[in-house]
Every structure is written in C-alpha cells, then in structure tokens.
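Undergrad: Following this message is one structure expressed as structure tokens.
Just so it is clear, none of the values below were taken in a lab; they were calculated from the coordinates. Keep in mind that what you see is a predicted model, and the values were worked out from it rather than measured. In this analysis, Cβ positions are derived from the backbone assuming ideal geometry, glycine residues included, and neighbour counts consider all displayed protein chains.
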Amino acid sequence: MRFETKTVRAGIVPDPTTGAIVPPIYQTATYVLEKVGRNRGFDYTRASNPTRQMLEENLAALEGGRRAVAYASGLSAVDAILRLFEPGDHIVSTDDVYGGVYRLFERILSRYGLRFTYVDSTDPKKVERAITKKTRMVWIETPTNPLLKVTDLEAVGAICRRKRILCGVDSTFATPALLRPFEFGADLVMHSTTKYLSGHNQIIGGAVVVNDDGLFERLKFVQKAVGAVPSPFDCWLVLMGVKTLAIRMARHSENGMTVARFLEAHPKVKRISYPGLESHPQHQVARRQMRAFGGMISFELKGGIPAGRKLMNSVRLCSLAESLGAVETMVTHPATMTHAEVPKRDRLARGLTDGLVRVSVGIEHPDDIIDDLKQAMR
Ligand SMILES: Cc1ncc(COP(=O)(O)O)c(C=O)c1O
C-alpha cells in the first residue's frame, strides 16, 4: 500500500459483527473471559484494547516500522522511551527541544540518575563529540520546536550505528507524511499525536514506533506497567484524523510556504525560520530528507518584545493558543508559553528570544491567514 492508502486503511478492520466501515470505539475497561486462563485476545484495557491496537497498527504502517505503542500524551511517550535506561546512563539531545521535553529531562528524569547533554544537532560533529561511554541514545527533534532547526538524520543515524547506541527521533512537526526517520537509520520514532496526526485540536496523545521486536516488548511493558494509556475514544479520534493526514499535510505545507514568503518579505520582520525558505540554514538538508516543509514557522519582529506581543494580542482569525498541528492557525509565544520553563539564559543562548512568535499555519485560505497577520502587525 502507498502512504495515502495506508492513512485510510492500514490496521483498520470493519466491525466483525455488523460490518460497519468505521470501526467501533471499544469503550470498555475489561473483557469477559471464555474460561479461567483463556481470553479472546484481550483481558484489560490498560494492557490492550482493540481500538488502540488498530491505531498502533496504523501508525506503525505509516512510519514504515514494525510495531507501535500508543501513550496518553506525547510526553508520556518520551517518558516511556527514557524508562528503557538505567541510572547513570547518558543521553545526548538536540538543544532546541520542546520545553516540556526539556522539563521532563531536567526536572524529573535527572532525579532518577539519567544524564543529559544538549547540543546543536544541526552539526553532527557536535553530536559525536558529546557521546561518551555512558551514552545510550541520541535524541533528535527535527524540525525543532520552536526554531525549526533541521538535523541531518542520515549523518546522525550513521554516528549512532557506529557507536552502537540508539537514535530516537521526535518527528511530531514533520509526521510520516513529510519525513520517515527509519529511512535514515532511526531506531525509535516518537509522536505527539495531539498535533498533526489527530489534527483537530481534540485529544492529547502520543506514540512510539519501532522496528525491533525487543524494543517493542520493552515499550509495551512500560505502557502496561506504568499505565499512561490513551482512552479508546481518543485512539479512535486519532484514527479518524489520520485518514486525512496526507491531504492535510500537503495543505499545511502549501499554506506554510505562502505565509513564510509573506513574512520574509514583510518590512517589519527581522528574522524568520521556515525549512522551506532558501534562507533557512539547513534548507538543503530539509530538501533531501523531507517531502515538504510543513506548517510551522517562527519569526521575530523588528520591534522586539512589544511588537511581538502586540501582534499576538491583535490576531482575530488566528488563535493565540498553546499547541500546534491542527486545522486552525494558532500563534504562540514560546518564551511565556511552550518554553516558559527553559531557563532564560539557556533560551537566549539557543536563539529563543522573548520576541519570538511561533505560528502553526492551519488549512484555512492562505489569504485570510495573511490578511489577519497583516492587520495584527500594522
Ligand atoms: C515536538 C513536541 N514533542 C512532544 C510534545 C509533547 O506532546 P504532548 O503535549 O502531547 O504531551 C510536544 C508538545 O507540544 C511537541 O511540540
């Protein structure tokens, strides 16, 4: 099956009793056993659920992986991956990661003995230099939240293979419609399904896709033992969202490019980051490894913090909101919202300034999005 067909079909089985083309939501906590020691494949929803299983099979197929494990949120998916390691283990991470991932690493997991080093992974040499004998995984976010930095996955994947460590990729911004990290040597592909995969601002969810059965078993064990599972209804909503992923990502990418070109040419814009623009420092890498460039843009206005604030407070069509990757265009202020917990010094060192504005370009008519940004920047 080709990608577009998989989005609609993979893993989805019509209801066995009625033939309903849309699978039912198996909204049940438990299952009646046939007799002691014999069930029909399911015994308790924390361990497994038919709706969740359909979603997991669908996501594995989309990524070109073997198996997937769904979690209650993107962060619980990251947490599950990190539970593969032992106290004293070291992880090399992209420096510009989502603020919540940074908070999880620094404020929770480091208390249990995991150690993290943050590097600008757009330079694979820096990744290699940061690897020590204790390093177990390189954690890459590409494109990054919020600066849209792009990492050369082929180069980093090769380093990880040479050093015999895992390569984990947070592919939330790209989705398998635009990027398939397994093609470049990734071992684990993680998603916040809250974003583009569900696509409609309705649920919080996460998933990890792997190609290795051993990793799958360990992640599945964490899913059951820790219990951060998504509800059957939420899994169903992601499945319904995924059906339109290919066409939504094409439209997000078209609109993203149109809005990025508008912003780049606007006299009040000081700098802009969008992987599809020739001015983006990793544009060539993005061209090589991504099928299109998506809907995420970040930019800074010449008037700095007050100008950025005025823009965000003046939008009428676009919504000032946390989150991204849905059909509605949303603007976000990373410094006070998504990345508020990254220490200011670290934020500024990475280029995440107080004046930075992040836009998740939706699938509305691009002229309406641009008209709104124009009036908000006046
Ligand atoms: C790149 C990235 N990874 C992970 C997450 C965490 O996902 P969730 O909010 O579903 O826990 C987010 C949330 O914004 C994100 O942007």
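Undergrad: From the backbone phi of segment 303-310, what are the Karplus-calculated ³J(HN,Hα) couplings (6.51 cos²θ - 1.76 cosθ + 1.60, θ = phi - 60°) in whole Hz, Gly and Pro given as x?
TA: x, x, 4, x, 5, x, 4, 4
Undergrad: While we're on this one: Can you tell me the mean projection area, over all orientations, of the convex hull of segment 220-284's alpha carbons? Units nm², please.
TA: Projected area, direction-averaged: 7.8 nm².
Undergrad: I would also like to ask the following. Which residues' amide hydrogens lie under 5 Å from the amide hydrogen of L320, considering only partners 5 or more residues apart or on another chain, with H built in the peptide plane?
TA: V331
Undergrad: Given the options G295, G64, G351, which has the most mean-square fluctuation in a GNM of the chain, springs set between C-alpha atoms less than 10 angstrom apart?
TA: G351
Undergrad: For the chain, set up a Gaussian network in which alpha carbons nearer than 10 Å are linked by springs, and say which option among Q282, Q27, Q223 fluctuates the most.
TA: Q27
Undergrad: Name the residues whose placed amide hydrogens come within less than 5 Å of the amide hydrogen of V269, ignoring near sequence neighbours (fewer than 5 apart) on the same chain.
TA: K302
Undergrad: For segment 81-189, run through the trypsin sites (Lys or Arg not before Pro) and keep only the ones in DSSP coil with at most 14 other Cβ atoms within 10 Å of their Cβ.
TA: Qualifying residues, ordered by number: K133, K134, R164.
Undergrad: For segment 90-154, what does the relative contact order come out to in percent, with C-alpha contacts under 8 Å and a separation of six or more? Can you show the working numbers first?
TA: On the way: 92 pairs, mean separation 29.6, N = 65.
Reported relative contact order: 45 percent.
Undergrad: Return the unpartnered cysteines for the chain, using a Cβ-Cβ cut-off of under 4.7 Å.
TA: C235, C318
Undergrad: On to the next question. If you rank E128, E63 by fewest surrounding Cβ atoms within 10 Å, what's the result?
TA: If I rank by nearby Cβ atoms, fewest first, I get E128, E63.
Undergrad: Express in nm, to one decimal, how much length is gained between E86 and K126 on full extension, taking 0.36 nm for each residue of separation and deducting their alpha carbon distance.
TA: Full extension of this stretch gives 12.0 nm more.
Undergrad: Give me the aspartates and glutamates in straight-line cross-link reach of K302: C-alpha distance below 16 Å, same-chain residues under 8 apart excluded.
TA: Cα-Cα hits under 16 Å: E264, D354.
Undergrad: In whole percent, what relative contact order does the chain give with Cα contacts below 8 Å and a gap of six or more residues?
TA: Averaging sequence separation for qualifying contacts and normalising by length gives 17 percent for the chain.
Undergrad: Let me know the shape class of segment 238-378, please: from the alpha-carbon gyration tensor, a ≥ b ≥ c as square roots of the eigenvalues, rounded when a/c is under 1.5, otherwise prolate if a/b is greater than b/c, or oblate. The partial results should precede the final answer.
TA: Working: a/c = 1.40, a/b = 1.28, b/c = 1.10.
Rounded shape, in that the Cα axes give a/c under 1.5.
Undergrad: What residue among L215, F299, V119 has its Cα farthest toward the positive end of the dipole of the chain, where the charges are +1 on Lys, Arg and -1 on Asp, Glu, each on the Cβ?
TA: It is V119, whose Cα lies furthest towards the positive end.
Undergrad: To continue, here is another question. In percent, what relative contact order does segment 1-159 have, based on Cα pairs under 8 Å that are 6 or more apart in sequence?
TA: 17
Undergrad: Let me ask something additional. Name the shape class, rounded, prolate or oblate, that the alpha-carbon gyration tensor gives for the chain, where a ≥ b ≥ c are the square roots of its eigenvalues, rounded holds for a/c under 1.5, and otherwise prolate holds if a/b is larger than b/c and oblate otherwise.
TA: oblate
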